[in-house]
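Visitor: Questions regarding the structure given below will be posed in turn.
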Amino acid sequence: MPVLVMKFGGTSVANLDRIARAAKRIAVEVSRGYDVIVIVSAMSGKTNELVGWVNETSNLYDAREYDAVVSSGENVTAGLMALRLQQMDVPARSWQGWQVPLKTTSAHGSARIEEIPTDNMMAKFGEGMRVAVVAGFQGVSPEGRITTLGRGGSDTTAVAFAAAFDAERCDIYTDVDGVYTTDPRIESKARKLDKIAFEEMLELASLGAKVLQTRSVELAMRYDVKLRVLSSFEDEMSDQAGTLVCGEDEIVENNVVSGVAYSRDEAKMTLVSVADRPGIAATIFGTLSDAGVLVDMIVQNISEEGRTDMTFSCPTDQVARAEKAMFEAKEAGSLNYAEMIADTDVAKISVVGIGMRSHTGVAAKMFDCLSREGINIKVITTSEIKISVLVDRKYMELAVQALHDAFELDKAA
Ligand code: ADP
Ligand code: ASP
Ligand code: MG
């Protein structure tokens, strides 16, 4: 029988009523003749609570125990969903990551999926199981310990299952009815897109649009998974619902800019007065990379008397790690700087669109729009299909709304 993957996020399984609602949708797909692999998240708020408990218990926590704790939210929903489906006479079973087994690397807290053997689950489908309810976000390391895939990781579990089982489609059910031109919670004029190209979705996700985890888009692109984002709150079940994430060639008309993303979890770090000589950037960014700091934007300021300031951005929760790495390099004598300044009150705003490859003037329009709002730009980076700026966090919403207006994203191409 054809396989369908359906993923339900936290708000879609937030309580027993919502689980029952999701179960009804699953039953409809079963009645259409699919064997269904359901991926569930923890009930909304649960993972945050578990992370909070870990942090409260131990500030230098052991990542293996972090995973043991935070993966547990998904186990509850998987079991409850299987029970609900059984209640409706749908043959269903829950699967925790280790039972599949969903094999990952041992990078606890942000493990990558290495392999999903299909034989165990296929055998159960062969014996009459119609729905496999899989706890998302979790796997098992080569050492046999439970791992997690990073926040929002159930999306990636879903796409990985769709690829492994050659599913007809991977439906991501969430609390919005598709991918919008920007977060509809920030800009009420945001417009739902019927289709979005993998590359654009990848940029939007990695620049902060949390509707899909970045890694899930990467996997869908690599394995050509038909990926759809849709609402679990709407009763209508049409094949046209939601947003299809697809190849560029499937999109006929496109705006030059297709979306605006924001990330509030950015920090701007400045190393004041480092020597301006060959090899210094290699030392700084090599050290940061070895320390596992994900550097995004980089600016080297004008040099005076052989010394310069080096500015970079990284996720807020990696500031302490970056400071420690820089301090240790200074102590060891491999780096010399006067001061390190961390500005954690910034946000990153990005405009994304594959149309930028063939259109000029997008950057000028973006900067002009921000200047008219009196918003100062602190750092800029560009790539082929995106432009990102760092601004004071207090301007984040205003910047998103102003850019959405300036690029007329409320209107279709
Ligand atoms: P789930 O719990 O179902 O995984 P998430 O909270 O992770 O849901 O992701 C859905 C949220 O993503 C939406 O509620 C919305 O606020 C946010 N979001 C950010 N950018 C976008 C966008 N461009 N389109 C749609 N939703 C977006
Ligand atoms: N429950 C996990 C989280 O909140 C994984 C997910 O929902 O995708 O990050
Ligand atoms: Mg999510």
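Visitor: Please give the residues of region 88-126, grouped as numeric ranges, whose backbone N is less than 14 Å from a label point set 7 Å along the Cα-to-Cβ vector of residue 1.
Guide: Residues 89-93, 122-126 fall inside that zone.
Visitor: Which FRET efficiency value, to the nearest 0.05, do you get for residue 412 and residue 382 by plugging their Cβ-Cβ distance into 1/(1 + (r/R0)^6) with R0 = 30 Å?
Guide: According to the calculation, E is roughly 0.75.
Visitor: Round to the nearest 0.05 the FRET efficiency obtained for residue 341 and residue 175 when R0 = 45 Å and r is the Cβ-Cβ distance.
Guide: Result of the calculation: an efficiency of 0.75.
Visitor: Another question about this same structure. Go ahead and estimate [θ] at 222 nm for the chain from helices alone: -39,500 (n - 2.57) per DSSP H run with n ≥ 4, summed, over the residue count, rounded to 500.
Guide: Details: 12 runs with 136 residues, N = 413.
About -10000 deg cm²/dmol.
Visitor: Let me ask something additional. Over 27 Å between C-alpha atoms is what I'm after, so list which of 24/192; 324/386; 124/192; 226/268; 103/386 land there.
Guide: On the way: 24/192 25 Å; 324/386 31 Å; 124/192 38 Å; 226/268 37 Å; 103/386 34 Å.
Over 27 Å apart, Cα to Cα: 324/386; 124/192; 226/268; 103/386.
Visitor: If a paramagnetic tag sat 7 Å from the Cα of residue 394 along the Cα-Cβ line, which residues of region 346-366 would have the backbone N under 20 Å from that point?
Guide: Counting only backbone N, you get 346-349.
Visitor: Sorted by mean Cβ packing within 10 Å, highest first, what order do the peptides 284-292, 348-356 take?
Guide: Ranking the peptides 284-292, 348-356 by packing returns 348-356, 284-292.
Visitor: Say each of residue 367 and residue 291 gets a label point 7 Å from the Cα, pointing the same way as Cα to Cβ; how far apart are those two points in nm?
Guide: 3.1 nm
Visitor: What is the distance, in nm, between label points placed 7 Å from the Cα along the Cα-to-Cβ direction at residue 89 and at residue 15?
Guide: Inter-label distance under the simple model: 2.9 nm.
Visitor: Stretched out fully, how many nm does the piece from residue 323 to residue 189 gain, at 0.36 nm a residue minus the Cα gap?
Guide: 44.2 nm
Visitor: Right, next: Multiply the residue separation of residue 112 and residue 53 by 0.36 nm, subtract the distance between their alpha-carbon atoms, and state the gained length in nm to one decimal.
Guide: 18.8 nm
Visitor: Still on this model: Shape call for the chain from the C-alpha gyration tensor, a ≥ b ≥ c root eigenvalues: rounded (a/c under 1.5), prolate (a/b greater than b/c) or oblate?
Guide: Since a/c reaches 1.5 but b/c is at least a/b, the shape of the chain is classed as oblate.
Visitor: Quote the FRET efficiency, to the nearest 0.05, computed for residue 120 versus residue 60 with a Förster distance R0 of 30 Å and r equal to the Cβ-Cβ distance. Write out the running numbers ahead of the final one.
Guide: Working: r = 37 Å, r/R0 = 1.24.
The formula returns an efficiency of 0.20 here.
Visitor: Rank by packing, highest mean first: peptides 36-48, 121-133, with packing defined as the count of other Cβ atoms within 10 Å averaged across residues.
Guide: Final packing ranking: 36-48, 121-133.
Visitor: Can you give me the Cα centroid spacing of region 222-294 and region 359-413 in angstrom?
Guide: Cα centroid to Cα centroid, the span is 16 Å.
Visitor: Name the residues whose placed amide hydrogens come within less than 5 Å of the amide hydrogen of residue 174, ignoring near sequence neighbours (fewer than 5 apart) on the same chain.
Guide: 230, 231, 232
No value in this document is a laboratory result; all are computed from the given coordinates. Every value quoted in this text rests on a predicted model; they were computed, and no experiment measured them. A quick note on method: Cβ atoms are made from the backbone with ideal geometry, for glycine too, and the neighbour counts reach across all protein chains shown.
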